[in-house]
Amino acid sequence: MPATLRRMTRSLAIAALALSAAGCGSLPWLDGNGGGSIGNDVPPNGGGWAPAPMPVPGGGGGGADPGGLGRPSIEVPVPGQLNPTATNVGQMTPSVAGRRVSVLLAWWSGPPPCSVLDSVQVVRDGTTITMTPFEGANPKAGGQVACPAIAMLRGTIVDLGDLEPGTYTLIANGDIAPQSVTID
């Protein structure tokens, strides 16, 4: 692909992301049921997420994301997508409020209807908690959609509920390092 066409495509992708972010309204949050699902309640710590920018896949330089947005589009899982596959998480940001633990998982992915968050599998083995988001294609698209090669910074918030006092190891699917959280 000629360099001029790549720059134009990148510029259009950045503009689309900026317009999408500008009209997104409030961010969904945990529904407070402790079951790892997501709703629209206020976060338990009263603040919003502001994760560090993630690097653009394939280069992009300087570790900045397109448009300098720094925040993923928060996705609510929609079960029933076609061929859900595990997604490689690029960023994991835990939040502890008292004994309640929530984790923001973020990754780069394509736009809907080609890539839709189907579910997040949470597996607990003692004090190790592993989280794996699964994405698939929207079945209503019927496989007749051209999927553009546009990367979107996407994420979801996993509510791990109230944890007993101790130190927990959080693992997200992908190549990022595990993180520890301590509950007093």
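The values are calculated or read from the model by the stated rules, or taken from the named source; none is laboratory data. Here the structure is a predicted model, which is why all the values come from computation and not from measurement. Cβ sites come from the backbone with ideal geometry, for glycine too, and all protein chains shown count toward neighbours.
Points to keep in mind about this one:
- Conditions (1) exposed (fewer than 15 other Cβ atoms within 10 Å of the Cβ); (2) at pLDDT 95 or above; (3) not acidic (D, E); number of the one not met by P77: (1)
- Residue that is modelled with the highest pLDDT, among those in the stretch 150-175 that are assigned to a loop (DSSP other than H, G, I, E, B) and within 21 Å of D118 (Cβ to Cβ): N173
- Test for A106: is it out of contact with any Ser or Thr (no Cβ under 7 Å at 6 or more places or on another chain), of a type outside the set (K, R) and either part of a loop (DSSP other than H, G, I, E, B) or surrounded by fewer than 17 Cβ atoms within 10 Å (Cβ to Cβ) (or both): no
- Members of the stretch 125-165 that are farther than 20 Å from R100 by Cα and among the small types (G, A, S): G136, A137, A141, G142, G143, A146, A149, A151
- Search result, residues across the stretch 161-184 that are within 18 Å of the chain's Cα centre (by Cα) and exposed (fewer than 14 other Cβ atoms within 10 Å of the Cβ): D175, A177, P178
- The listed residue being of a type in the set (A, V, I, L, M) and closer than 20 Å to T93 by Cβ, out of A172, A137, A141: A172
- Against the list (1) part of a loop (DSSP other than H, G, I, E, B); (2) within 30 Å of G166 (Cβ to Cβ); (3) more than 11 Å from the chain's Cα centre (by Cα), the condition P111 fails is (2).
- Whenever a residue of the stretch 162-181 is in contact (Cβ under 8 Å) with a residue 40 or more places away in the chain, its partners that are part of a strand (DSSP E or B) and surrounded by fewer than 13 Cβ atoms within 10 Å (Cβ to Cβ), lying with C-beta atoms within less than 7 angstrom and at least six residues away or across chains, give the pairs T167/S180; T167/T182; Y168/S180; T169/T128; T169/S180; I171/T128; N173/A86.
- Any hit, the stretch 140-156, residues being free of Cβ contacts under 8 Å to residues at least 40 places away in the same chain and crowded, with 18+ Cβ neighbours inside 10 Å: no
- The residue that is surrounded by the fewest Cβ atoms within 10 Å (Cβ to Cβ), counting only those in the stretch 109-135 that are without any contact (Cβ under 8 Å) to a residue 24 or more places away in the chain and charged (D, E, K, R), is D125.
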